[in-house]
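The values are calculated or read from the model by the stated rules, or taken from the named source; none is laboratory data. In this text the structure is predicted, and so the values were computed from the model without any measurement. So basically every Cβ, Gly included, is an ideal-geometry build from the backbone, and we count neighbours across all protein chains shown.
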Amino acid sequence: MKVFFSQYIQRLLKDLSIKVLKKFNPGIIAITGSNGKSSTKEAIACVLQGKFSVLSSPGNYNTEIGVPLAILERKIPRFFWLWPLTIVQCYLYSLFRRHYYQKVVLEMAADKPGDIKYLTSFIKPEVSVLTSIGPSHLELFKTIEAVAQEKRILLQRTRKNGFLCLNKDDPKVVKASQGLSQKIIWYGIGNKADVWASDIEQNLSGIKFNIHYQNDSLPIILYNVLGKHLIYPALAAVACGLIYKINLGKAIARLKTLKFPPGRMRIIEGIRESKIIDDSYNANPASMKSALSTLMDLDKQKVIKRRKIGVLGTMNELGDYERKGHEEVGEEAAKILDYLITVGKPANKYLAGRAIEKGLPTQNVFRFSRSVEAGQFLKKFIHDRDIILVKGSQNNVRTEWVVEQIMEHPEKAKDLLVRQNPPWKKPKELTMYN
């Protein structure tokens, strides 16, 4: 009965979304990719808000239910029995709304085959952005090639007179672009792209780099975040801005106000003057390796003075790639970390196991079944000025629980950490830090 009702809700939300989109005909910018969708969405919305009224999908409203709700400006009800009220509100919104946004920036997830096909059956973007193609959701997709095919659907269904903003540095994205008729603006690190970055510097305050387009070049600093992979959302945003006649200078001025969502390589003050690199929003092998690479870059620049600790949780939905994906991350962890803390069975078995095989001393590896336990251990283990990278998948891992226990000001968790509002719940054990 509940499954039937969910399908009925999905059909209703689709119909009401179509009604709103036909009524107002806003320009839609759609974003998909294996990594960086939410950060890219926030960056693009930030740039466009300098010229247009912009609606941006909240949080991870990127599914067959979430996307229509974003268009209708409603949230998923906390309790299932509240759905009838939400549907009525959506109906009244579609009927009586008199003004709407000029641009709508939507994130589209591909958790299973058919997701993008479904969303683009009623949403026709004028601009589509593909951030990356990698090993995510392989439990259902089985192969990276199947993931690529699903992502390509968004590009194919972009309006024929529309634009594609694509990551030049991802070979699979380049391959997915072949044979398409839409105009393409490429972005990347290095001058092979249309919009590109150079002179990258990172420290514990943020990332500094230059953005280039044609004969123009301007510097920018992204404060309180780390990771070269966070340069890509800024580049994609500049590319989208150019499509809408927002020049490089104005786009960068807007990006200076950008705050990336919680759990994306945020720098947070930790106990005993430590620094936490909070990347707890989600994880797959590619994003795990990017985060570890950032730690290595900081170490090479002699920014890190003390121990490098990695808290790495299980990566979900990898299917047959589960063992290999975790072992690949374990190999990288062994090259970079002084201490490794893993959370969850696959991470404990494969990631920690391979890290030890590749030379990380066994006594420097600690394994836990739950993030709460890892956090309790870390509270006693952290030394002055340690650097702690925290990353893992969300469902059944929740490494933000680790961050909350070791941050200097846990009372700020609601503002700084991911998943702090209903329906997400905190375990009772977290009250132990008080």
Some residue of the range 52-62 being β-branched (Val, Ile, Thr) and part of a loop (DSSP other than H, G, I, E, B): no
Among (1) aromatic (Phe, Trp, Tyr); (2) outside any helix (DSSP H, G or I); (3) touching a helix residue (DSSP H, G or I) at 6+ places or on another chain (Cβ under 6 Å), the one test that Trp401 misses: (2)
The range 190-237: number of residues that are in contact with an Asp or Glu (Cβ under 6 Å, 6 or more places away or on another chain) and basic (Lys, Arg): 1
Residue list for the range 10-46, restricted to those being surrounded by 19 or more Cβ atoms within 10 Å (Cβ to Cβ) and over 27 Å from the mean Cα position of the chain (by Cα): Leu16, Val20
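From the set of residues in the range 127-164 that are outside any helix (DSSP H, G or I) and among the charged types (D, E, K, R), which is nearest to the chain's Cα centre (by Cα)?
Within the range 127-164, the subset outside any helix (DSSP H, G or I) is 127-137, 142-143, 157-164.
Cutting the leftovers down to among the charged types (D, E, K, R) gives us 142, 157, 159-160.
On the way: Lys142: 22, Arg157: 23, Arg159: 25, Lys160: 28 Å.
Within the range 127-164, the match that is nearest to the chain's Cα centre (by Cα) is Lys142.
Can Ser34 be described as of a type in the set (S, T, N, Q) and at pLDDT below 95?
On the way: of a type in the set (S, T, N, Q): yes; at pLDDT below 95: yes.
For Ser34, the condition - of a type in the set (S, T, N, Q) and at pLDDT below 95 - is met.
For the range 313-332, indicate whether the set of residues that are in contact with a strand residue (DSSP E or B) (Cβ under 7 Å, 6 or more places away or on another chain), touching a residue at least 60 places away in the same chain (Cβ under 8 Å) and either of a type outside the set (Gly, Ala, Ser) or closer than 22 Å to Gly134 by Cβ (or both) is non-empty.
In the first step, residues of the range 313-332 are kept if they are in contact with a strand residue (DSSP E or B) (Cβ under 7 Å, 6 or more places away or on another chain); the result is 313-314, 329.
Checking the rest, the ones that are also touching a residue at least 60 places away in the same chain (Cβ under 8 Å) come to 313-314.
Add one more test, that the residue is either of a type outside the set (Gly, Ala, Ser) or closer than 22 Å to Gly134 by Cβ (or both), and what stays is 313-314.
Among the residues of the range 313-332, at least one is in contact with a strand residue (DSSP E or B) (Cβ under 7 Å, 6 or more places away or on another chain), touching a residue at least 60 places away in the same chain (Cβ under 8 Å) and either of a type outside the set (Gly, Ala, Ser) or closer than 22 Å to Gly134 by Cβ (or both), which makes the answer yes.
Just one of Pro171, Pro125 is surrounded by 23 or more Cβ atoms within 10 Å (Cβ to Cβ) and within 17 Å of Ile185 (Cα to Cα); which is it? First the steps, then the outcome.
Working: Pro171 fails: surrounded by 23 or more Cβ atoms within 10 Å (Cβ to Cβ).
The conditions single out Pro125.
Identify the residue in the range 122-173 that is hydroxyl-bearing (Ser, Thr, Tyr) and in contact (Cβ under 8 Å) with a residue 12 or more places away in the chain and, among all such residues, is farthest from Ser34 (Cα to Cα). Before the answer, list the steps.
First, pick out the residues of the range 122-173 that are hydroxyl-bearing (Ser, Thr, Tyr): 128, 131-132, 136, 143, 158.
Among the residues that remain, those that are also in contact (Cβ under 8 Å) with a residue 12 or more places away in the chain are: 128, 131-132, 136, 158.
Values: Ser128: 14, Thr131: 7, Ser132: 5, Ser136: 6, Thr158: 19 Å.
Applying the filter and picking the extreme gives Thr158.
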Selection status of Lys414, within 16 Å of Arg266 (Cβ to Cβ), surrounded by fewer than 21 Cβ atoms within 10 Å (Cβ to Cβ) and out of contact with any helix residue (DSSP H, G or I) (no Cβ under 6 Å at 6 or more places or on another chain): yes
Of all residues making up the range 75-108, the number that are out of contact with any Leu (no Cβ under 9 Å at 6 or more places or on another chain), crowded, with 16+ Cβ neighbours inside 10 Å and either closer than 23 Å to Ser38 by Cβ or without any contact (Cβ under 8 Å) to a residue 60 or more places away in the chain (or both): 1
Single residue of the range 293-322 satisfying the filter (surrounded by 18 or more Cβ atoms within 10 Å (Cβ to Cβ) and polar (S, T, N, Q)) that is nearest to His137 (Cα to Cα): Asn316
Some residue of the range 291-299 being farther than 24 Å from Phe368 by Cβ, β-branched (Val, Ile, Thr), at pLDDT below 95 and not assigned by TED's automatic domain parsing to the domain that holds Lys37: no
Filter result for the condition that a residue is in the same structural domain as Glu400 (by TED's automatic domain parsing) and surrounded by fewer than 21 Cβ atoms within 10 Å (Cβ to Cβ), over Gly359, Gly325: Gly359
Hits in the range 87-115 (condition: assigned to a helix (DSSP H, G or I) and either under 27 Å from the mean Cα position of the chain (by Cα) or within 19 Å of Ile153 (Cβ to Cβ) (or both)): Asp115
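Would you point out which residue out of Tyr223, Tyr281 is within 21 Å of the chain's Cα centre (by Cα) and buried (at least 24 other Cβ atoms within 10 Å of the Cβ)? Don't jump to the end; show me each part of the working.
Details: Tyr223 fails: buried (at least 24 other Cβ atoms within 10 Å of the Cβ).
Result of the check over Tyr223, Tyr281: Tyr281.
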Residue count, the range 328-360 (criterion: within 14 Å of Leu292 (Cα to Cα) and part of a helix (DSSP H, G or I)): 11
Subset of the range 380-396 [farther than 23 Å from Lys335 by Cβ and crowded, with 16+ Cβ neighbours inside 10 Å]: Gln394
Of the criteria (1) modelled with pLDDT of 90 or more; (2) not in a helix (DSSP H, G or I), which one Asn395 fails: (1)
